[in-house]
1. With the range A:131-203 as the region, which strands (runs of 3 or more DSSP E) entirely inside it contain at least 2 residues that are under 27 Å from A:Val281 (Cβ atoms) and in the same structural domain as A:Ala104 (by TED's automatic domain parsing)?
2. Only residues that are crowded, with 18+ Cβ neighbours inside 10 Å, over 21 Å from A:Lys199 (Cβ atoms) and in contact with a helix residue (DSSP H, G or I) (Cβ under 6 Å, 6 or more places away or on another chain): list them for the range A:82-102, please.
3. Give the residue, chosen from B:Val305, B:Val290, B:Val286, that is surrounded by 15 or more Cβ atoms within 10 Å (Cβ to Cβ), in contact with a Cys (Cβ under 8 Å, 6 or more places away or on another chain), over 30 Å from B:Pro226 (Cβ atoms) and not assigned by TED's automatic domain parsing to the domain that holds B:Leu143.
4. Of B:Leu260, B:Leu254, B:Leu235, which residue is buried (at least 21 other Cβ atoms within 10 Å of the Cβ) and not assigned by TED's automatic domain parsing to the domain that holds B:Gly355?
5. Residues in the range B:154-189 that are part of a loop (DSSP other than H, G, I, E, B) and of a type in the set (Lys, Arg): how many?
6. Going through the range A:254-275 one residue at a time, which ones are under 25 Å from A:Ile210 (Cα atoms) and surrounded by 15 or more Cβ atoms within 10 Å (Cβ to Cβ)?
7. Give just the number: which of (1) away from chain A (no Cβ under 14 Å); (2) touching a residue at least 24 places away in the same chain (Cβ under 8 Å) does B:Gln106 not satisfy?
8. Please pick out the residue among A:Ala54, A:Ala48, A:Ala44 that is touching a Cys at 6+ places or on another chain (Cβ under 8 Å), in the same structural domain as A:Lys204 (by TED's automatic domain parsing) and either closer than 20 Å to A:Val101 by Cβ or part of a helix (DSSP H, G or I) (or both).
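The values are calculated or read from the model by the stated rules, or taken from the named source; none is laboratory data. On a predicted model such as this, the values are computed, not experimentally measured, just so you know. Please note: Cβ atoms are built from the backbone with ideal geometry, for glycine as well, and neighbour counts cover all protein chains shown.
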Amino acid sequence: MIYFDYNASTPVRPEVVEAMRECLTDVSANPSSLHRGGQRARAAVERAREQVAALLYARPDDVVFTSGGTEGDHAGLIGAAWALESQGRRIAFAAIEHHAVHGAAEVLARSGFEIEHLPVLADGWVPPAALDVLPADTTVIAVMLANNETGVLQPVAEIARRAHGRGLRVLCDAVQAAGKIPVDFEVLGVDYLVVSGHKFGGSKGAGALILRPGAPFEPLFRGSGHERGRRGGTENVPGIVGLGLAAELAAREQRAEAVRLLALRERFERGLRMVVPDLVVHGARAPRLPNTVNVSFPGARSDHLLMALDARGIESSAGAACASGAVEPSPVLAAMGVPRELAVCALRFSMGRNTTEAETDEVVAAVGETVRVVRAASAGGGA
Amino acid sequence: MSERLRVLVAMSGGVDSGVAAALLAEQGHDVTGVTLKLWCHGDAPVASRACCTLEAIEQARAVARRLGFPHFVVDAEEAFRAHVLQPFLDDYAMGRTPYPCALCNQHLKFGDLFARMELLGADRLATGHYARLEPLADGTPALRRAADMAKDQSYALALTPRAALPKLLFPLGSLTKGEVREHGRRLGLALWDRPESQDLCFVPDGDYAGFIAQSPGGARGAAPGPFEDSEGRRLGTHRGIIHYTVGQRRGLGLAAAEPLYVLALDAARNAVVVGPRAALLAPGLVTARVHWLTDVPPVDGTRVVVKIRYNHGGVDATLHPRVDGACETRFEQPQAAVTPGQLAVFYDDDRVLGGAAIEHALPARAADAPGSAAGVARAAGAAPAPVTR
């Protein structure tokens with residue numbers, strides 16, 4: 001199989017597997033225990049905190065370990081909105097935000113918070129000027145750093161500057177960006193930053209929420225003083241150790257890797273255009289992650305393409321899945337104004353550390369063949 | 001196993017298609033399961049039925065997981081609406097009683113999905129239908145009744161495109177329901193083996209009229225109108241023709257000396273014609289253009305067995321094909337409740353020769369009048385409601 005779905009998850013790096021194995025074998029104590037075993041576990045967690053902080057240009061004290069992106073988005077958005085409740089009960093974000101942000105907003109809406117939707121331009125990004133017209137009782141906005149489906153990078157620093165200019169706090173879901181491109185907590189200037197380990201070579205179930213010192217925050221999980229009172233629950237020590245090492249490796253390699261992936265992506269897109277000249281790359285004119293290509297092949301529906309590519313040994317991804325598991329047109333593309341008939345023909349290819357030039361060429365050839373077959377079947381068969 | 005085939009299996013989520021897929025996988029074939037999503041389930045609560053629900057899709061997935069083959073859900077909403085649902089609604093509005101399962105097999109499974117085989121480079125398309133595909137001596141593909149006559153579903157397959165036959169597999173065709181159930185138990189699918197519904201998968205509660213009323217254009221056929229006898233005398237007021245089907249006795253709300261049955265639905269006049277049981281009997285029928293599964297259409301006078309609805313036992317008949325492709329069919333014994341919209345399916349012994357929607361019954365003539373008690377007795381037990389598969 002050729003894996004072109006790195007935005008969904010990445011293979012755990014062998015060094016990380018080894019570190020986690022050692023941790024599972026040797027570090028069994030609770031990091032909160034005061035004995036020597038506990039101290040060893042605590043040391044492992046704190047080392048990881050430094051590694052994660054270094055990747056994101058943050059201070060170790062600002063790092064709160066979570067179970068991943070969904071928890072990070074919930075803890076950050078809800079924690080901020082609760083803490084700012086006396087100033088207003090309104091939050092804002094765009095339709096292109098990850099499901100986890102929409103989910104956290106649903107939790108807030110249950111207790112009467114209002115939700116404001118920010119606009120999205122055709123190129124896939126949120127215009128910073130949109131913040132100026134938000135109602136006065138808005139307290140927190142969420143904006144992702146890189147969109148998970150299109151890879152389009154959002155003008156987060158500019159949005160944060162404008163937001164702070166009018167007293168808004170900013171949560172940034174950097175789950176797709178962290179480990180792929182440099183993410184600088186200081187430069188971005190946001191108040192809450194969310195990352196997840198399994199998107200850059202760590203294991204599933206470990207992530208982090210970065211809190212700016214002094215940013216209003218109320219913890220979601222309470223009842224014990226873990227993470228300095230910011231997230232209750234015994235730490236997932238092996239997961240955190242893996243997250244830390246993955247962060248350290250990414251920090252070391254990500255610049256060179258981004259350059260390599262960008263060249264691969266350009267080769268891939270060039271190749272695709274040769275075999276399917278009428279394709280449409282979504283967000284093509286915006287700055288994007290170096291590893292992500294979201295592309296529609298008009299007349300070839302994504303559920304058919306996905307199945308046909310799978311049969312040819314290629315794993316990719318399409319839009320969103322509905323309750324039944326059927327592929328549905330992506331709300332992200334809809335927000336960008338992509339017509340439905342084009343949106344139902346979109347696939348997301350995402351590359352990563354193990355992707356090679358040879359694989360890229362192989363996928364190009366397979367996509368060309370698959371699009372031809374799917375189009376023929378759609379023209380010939382019913383419907 | 002003679003050769004390893006790449007097989008696409010249409011999985012409804014029921015025990016039959018689950019066992020069919022599992023048996024093929026166990027035989028070493030390279031199986032991919034596909035469940036067609038026929039309409040948007042939204043957040044609808046999971047029904048207790050075995051077919052076409054979210055739960056059913058999950059069950060299809062579970063079989064695939066257990067046997068270790070891939071499974072996909074393919075959106076077929078548009079094709080379902082165009083080829084099955086809309087004709088179903090139109091038929092009811094025209095006073096017919098459609099049989100959508102045949103259209104679903106024809107256009108969705110053996111049309112849309114069949115066309116997708118090439119996507120997977122599949123050699124065969126399999127389903128969990130009870131029917132057999134055994135070629136004639138000269139190799140001509142032939143669709144046949146299942147070994148288990150009680151489960152036979154060949155009626156529902158009569159509209160299958162002929163070109164598809166050589167590429168289809170019906171792994172359950174030679175098994176009895178008991179054997180399939182046994183396989184289900186062995187495979188851990190026993191819990192799914194719940195009583196089968198006799199209703200359509202998209203109207204799980206069996207309330208067709210309610211379903212139609214809620215559909216686009218649902219007002220058609222819903223207006224009250226006259227109950228009439230064969231002479232056009234008004235006997236009462238009906239609730240809208242979509243509430244009735246030929247042969248129906250219950251729920252008419254008409255007082256009469258002898259029980260009254262629906263004889264015909266006249267959509268143009270919005271009238272429901274009723275009469276005594278004997279008036280339900282017809283000496284034959286005329287079909288729409290017949291879909292033949294034979295190399296050449298049968299000649300005039302060919303003797304066949306015809307089934308006029310899913311649960312019909314079949315009756316000897318003689319075919320009189322017309323130049324327009326329709327077929328006049330004369331029964332050996334008059335049949336009750338010949339229902340426009342249902343299929344007439346023609347058999348030569350166990351082989352399906354072809355099928356078509358029934359356009360209308362042949363009028364009873366003096367010479368054909370049943371007269372004998374035997375004719376009436378034979379016609380008893382008509383059950384005109386649509387039946388699944």
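1. Where strands (runs of 3 or more DSSP E) fall fully within the range A:131-203 and carry at least 2 residues being under 27 Å from A:Val281 (Cβ atoms) and in the same structural domain as A:Ala104 (by TED's automatic domain parsing), they are A:169-173, A:192-196.
2. Selection gives A:Ile91 alone.
3. On the way: B:Val305 fails: in contact with a Cys (Cβ under 8 Å, 6 or more places away or on another chain); B:Val286 fails: over 30 Å from B:Pro226 (Cβ atoms).
Within the list B:Val305, B:Val290, B:Val286, the selection yields B:Val290.
4. Values: B:Leu254 fails: buried (at least 21 other Cβ atoms within 10 Å of the Cβ); B:Leu235 fails: buried (at least 21 other Cβ atoms within 10 Å of the Cβ).
Among B:Leu260, B:Leu254, B:Leu235, only B:Leu260 is buried (at least 21 other Cβ atoms within 10 Å of the Cβ) and not assigned by TED's automatic domain parsing to the domain that holds B:Gly355.
5. In the first step, residues of the range B:154-189 are kept if they are part of a loop (DSSP other than H, G, I, E, B); the result is B:158-161, B:170-176, B:187-189.
Adding the requirement that they be of a type in the set (Lys, Arg) leaves none.
Residues that pass the stated criteria total 0.
6. A:Gln254, A:Glu257, A:Ala258
7. The single condition B:Gln106 does not satisfy is (1).
8. Working: A:Ala54 fails: touching a Cys at 6+ places or on another chain (Cβ under 8 Å); A:Ala48 fails: touching a Cys at 6+ places or on another chain (Cβ under 8 Å).
Checking each option against the conditions leaves just A:Ala44.
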